[in-house]
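J.: Pasting in a structure now, in structure tokens, and then I'll have a few things to ask.
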Amino acid sequence: MSGVEGFMYPNEVELQWSLLIVLYPYITGLVAGAFILASLERVFKVEAVKPTYRLALLTALAFLLVAPLPLQLHLGHPERSFEMYLTPHRSSAMAMFGFVYLWYLTVVLLLEIWLEYRPDIVRFAQTRTGVTRWIYKALTLGSENLSPSSLRIDDRVGYVVTVIGIPSAFLLHGYVGFIFGSVKANPWWSTPLMPVVFLFSAMTSGIAAVLVLYVISMKLRKTPIDMRCLDTVAKYLFYTFVIDFSLEMLDLVQRTYEADESFRSLDFMVHTRLWLSQVVIQIFLGTLGPLAVLAVTQLRTFSETLRRRLYITASLLTLVGIFAMRWNVVIGGQLFSKSFLGYTTYKVQFAAREGLLPAIALMILPFVLFYALVKLLPPWQEHKATEA
Amino acid sequence: MEMTRRDLLSQCSKLLVLTATAARALEQAGNAPAPGDTYHMADHWWGMIIDIDKCIGCGNCVRACSQENQVPAGYFRTWVERYQVTEDRDHPLVESPDGAINGFPPTTRPGVKSFFVPKLCNHCADSPCTQVCPVGATFISPDGVVLIDPEYCLGCRYCIQACPYGCRYYHPEKDIADKCTLCYHRITKGLTTACCEACPTGARQLVDLKNPKDPVHAFLRDHKVQVLKPQMATGAKIFYNDLDGSVR
């Protein structure tokens, strides 16, 4: 059979989870990471990252709105997906997706954004004209009270929401890792480390995404970049990436040392079919590369322009590396036979339902939403700084 | 005509008796026992015994299953593997051309230990596939058969990933997960499965583990039987007699 090497169970030749399922953990990872960056300022009082606070929240929202789409597109019967809410199967990890998603979207993200933006929304509702005025009027939810005491309440509630949001963000992405990590039939996935690795890789990719979006936004607005902020974000990117890489290496060392019945098969796969995507792109280009760049920036002093470039390079490589990691988990986990006697191949189609074209569209969509959100709820706070 | 109170009560009583009799008759007619109604799920616990030494790799079972259940081409509810094992037990040569729907070509390695292993859904008592289904569309019936509700399955394919034995596939026309039902439409009518019926050597035997008279109990006592991948702890109910350790 073409593309098959050795022996696969006959029903295994065809891959079940495609490129779209690679996008799902990638996108939710960006959401969780961006939110955790936002919480650094709010909960842990890391004032330096304040310029990215609102940007991070809007990034998280834009990606979260897109997160269920690849799943919907992948389902054989998307019209039945609502059954997950009506009759969830309690023993299923996947059944919880809808609830975790709704909790995160409504209780955490939308509430925090609304509380953070409420003064702006009220101001826009009073100053804008035409249709936009009515949009902002609706967004006030009938509360136009901006008295110091009400703003204090907003702030306190916002703090509580963020505190709840941190474990929720951990839950959102740790849970995605659990979906894979709990499949005992698949040794490539089945490890208790999977949720933790997913979590830290999520934080890494989310922080990198916000860093890139911040620099691009500032460039487009021709506004000076706050280097103290950028240095701090890059520092946190470096820290989380070190933890993420250590966890992944721990997993690798454990597997190699244990060398259970699946090891030879998986090892062969890594050295052949996953060599490019895992060893070259994920480990060298997408992990060791950015780690080296970030480590150098921590150890030596460079000019602002060079630092900016180095940070952007490291962040873009990180985003590529984490995408490769998702690919290697999802696709890699289906390339070998559960008999450990053979391997299959995955060829991405182009204009098919689960092909490259819809995947590209799904990756562009969050940026379109992000642009719309930035227009609706401008995250720039220079005027506040000036007023202060 | 004037109606007295006595007349009215008399007429009403007659009407009541007539209505009650008619209703009872209708109820009886509606509840006429169907032919298969003598089947009680709680009285059965289905499984299968596969005797490796008896399988000749003819593929009759695969063809019978495919026809009986309209299995789409290229997918398999059951298939047969041929193992050719040398002293290097870690690297057996395994093949299953088209699931062995047309049997096997003659072996090219004479003198090597060779045997056939029929495979199908293991109808696990602790099945990982039913555990992961987000809506419970796949479930274990009270008589121990793992089934899929085609009207409810989302087509998310999580169950296919969770099956350690590769028994499930994605039905290309129905857009749902599909697998062996142990010919549920047959066994609930007192018949055996299509694969067991078609097997010329009796290598496959449908067994009812709850039936004390089923020969399975004696078979399990007297033979060295094994399930596939016992380390998965799935409670598999397809028992293999004389299964070689190289089989996965």
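J.: Among B:D222, A:D231, which comes first, then next, by fewest other beta-carbon atoms within 10 Å?
T.: Fewest-to-most Cβ neighbours within 10 Å comes out as B:D222, A:D231.
J.: Is there a pair in A:K50/A:K375; B:K174/B:K237; A:K45/A:K375 whose C-alpha atoms are over 25 Å apart, and which pairs would that be?
T.: Pairs exceeding 25 Å: B:K174/B:K237; A:K45/A:K375.
J.: Provide A:M325, B:M41 in ascending order of the number of other Cβ atoms located within 10 Å of each residue's Cβ, fewest first.
T.: The most exposed by this proxy come first: B:M41, A:M325.
J.: Let me ask something else. How high is the relative contact order of chain A, given as a whole-number percent (alpha carbon pairs under 8 Å, six or more residues apart)?
T.: 29
J.: Taking Cα atoms, how many degrees apart are the long axis of helix A:130-139 and the longest axis of chain A, rounded to 10 and kept between 0 and 90?
T.: The answer is roughly 70 degrees.
J.: Compute the Cα gyration tensor for the protein assembly as shown, then decide on rounded, prolate or oblate, letting a ≥ b ≥ c be the square roots of its eigenvalues: rounded whenever a/c is under 1.5, prolate when a/b is larger than b/c in the other cases, and oblate in all that remain.
T.: Oblate, because a/c is 1.5 or more while a/b does not exceed b/c.
J.: Sequence-distant or interchain residues sharing an amide H contact under 5 Å with A:F336, placed H: which?
T.: Distant-sequence amide H within range of A:F336: A:T344.
J.: Also: In a GNM of chain B with a 10 Å cut-off on Cα contacts, which of B:V17, B:V94, B:V62 has the highest mean-square fluctuation?
T.: The residue with the greatest mean-square fluctuation here is B:V17.
J.: Sticking with this structure for a sec: If I take every Cα pair under 8 Å that is 6 or more residues apart in region B:41-241, average their sequence separation and divide by the length, what percent do I get for the relative contact order?
T.: Value for region B:41-241: 31 percent.
J.: In 10 Å bins starting at zero, report the fraction of Cα pairs in region A:141-255 per bin as a rounded %.
T.: In whole percents, the pair-distance histogram is 12, 26, 27, 23, 9, 2.
J.: At 7 Å along the Cα-to-beta-carbon direction for both A:I164 and A:T223, put a label point, then send me their distance in nm to one decimal.
T.: 3.0
J.: Continuing with the same structure: Can you give me the three principal axis dimensions of region B:41-241 from its C-alpha atoms, in Å, biggest first?
T.: 50, 41, 32
J.: More than 18 angstrom separation, counting every C-alpha pair in region A:281-375; what % is that?
T.: The proportion of pairs with Cα distances above 18 Å equals 66 percent.
J.: Among A:H74, B:H217, which comes first, second and so on when ranked by fewest other beta-carbon atoms within 10 Å?
T.: Ranked by crowding around the Cβ, least crowded first: B:H217, A:H74.
J.: Here's something else I'd like to know. What distance in nm separates the simple spin-label points at B:A42 and A:L357, each placed 7 Å from Cα in the Cβ direction?
T.: 5.6
J.: Hey, another quick one. Under a straight-distance cross-link criterion of Cα-Cα below 14 Å, which aspartates and glutamates are reachable from B:K213, leaving out those fewer than 8 residues away in the same chain?
T.: B:D43
J.: Dividing the alpha-carbon Rg of region A:5-383 by 2.2 N^0.38 Å yields what?
T.: Rg over 2.2 N^0.38 Å, computed on Cα atoms: 1.04.
J.: Top mean-square fluctuation among A:F284, A:F44, A:F323, Gaussian network model of chain A, C-alpha springs under 10 Å?
T.: A:F44
J.: Which one, A:A60, A:A208, A:A259, has the greatest fluctuation when you compute a Gaussian network model over chain A with C-alpha springs under 10 angstrom?
T.: A:A259
J.: Measure nothing but the geometry: give the 0 to 90° angle between the long axis through the Cα atoms of A:227-258 and the longest principal axis through the Cα atoms of chain A, rounded to 10°.
T.: The helix A:227-258 is inclined about 20 degrees to chain A.
J.: Residue by residue, what Karplus-based ³J(HN,Hα) values in Hz, rounded to whole numbers, does region B:164-171 have, using 6.51, -1.76 and 1.60 with θ = phi - 60° and x for Gly and Pro?
T.: So the Karplus estimates, Gly and Pro as x, are x, 9, x, 8, 9, 9, 9, 5 Hz.
J.: Given a Förster distance of 51 Å, report the FRET efficiency between A:T305 and B:N211 from their Cβ-Cβ distance, rounded to the nearest 0.05.
T.: E between A:T305 and B:N211, to the nearest 0.05, is 0.05.
J.: Please compute the Kirkwood hydrodynamic radius of region B:29-146 from all pairs of different C-alpha atoms, in Å with one decimal.
T.: Result for region B:29-146 stands at 17.3 Å.
J.: List the residues, sorted by chain then number, that are 5 or more residues from B:F239 or on another chain and whose placed amide H is less than 5 Å from its amide H.
T.: Amide H neighbours of B:F239, under 5 Å, 5+ apart: B:M48, B:I49, B:I50.
J.: I'd like the orientation of helix B:5-30 relative to chain B: the angle between its Cα long axis and the longest Cα principal axis, in ° from 0 to 90, rounded to 10.
T.: Helix B:5-30 sits at roughly 10 degrees to that axis.
J.: Which distance in Å, rounded to a whole number, links the C-alpha centroids of region A:47-68 and region A:121-140?
T.: What the calculation gives is 22 Å, centre to centre.
J.: Then there is this: In whole Hz and in residue order, list the ³J(HN,Hα) couplings for region A:20-36 that follow from phi through the Karplus curve 6.51 cos²θ - 1.76 cosθ + 1.60, θ = phi - 60°; x for Gly and Pro.
T.: Rounded to whole hertz, the list is 5, 6, 5, 5, 4, x, 5, 5, 5, x, 5, 4, 4, x, 4, 5, 5.
J.: Also, quick follow-up: Which of the aspartates and glutamates could a cross-linker bridge to A:K222, judged by Cα under 19 Å and excluding same-chain residues fewer than eight apart?
T.: A:E304, A:E382
J.: Mind pulling the per residue volume of the convex hull built on the Cα atoms of region B:54-99? Å³ is fine.
T.: Spread over its residues, the Cα hull of region B:54-99 gives 83 Å³ apiece.
J.: In addition: Would you please give the residues with an amide H less than 5 Å from that of B:E81, counting only those at least 5 places away or on a separate chain, with H modeled from the backbone geometry?
T.: B:V117, B:K119
J.: Quick check on chain A: helices-only [θ] at 222 nm, where DSSP H runs of length 4 and up contribute -39,500 (n - 2.57) each and the sum goes over total residues. Nearest 500, please.
T.: Estimated from H runs of four or more residues: -21500 deg cm²/dmol.
All of the numbers you see were taken from the coordinates with simple rules; none came from a lab. Values in this document were obtained by computation on a predicted structure and should not be read as measured data. With ideal geometry, Cβ positions are generated from the backbone for all residues, glycine too; neighbour counts draw on all protein chains shown.
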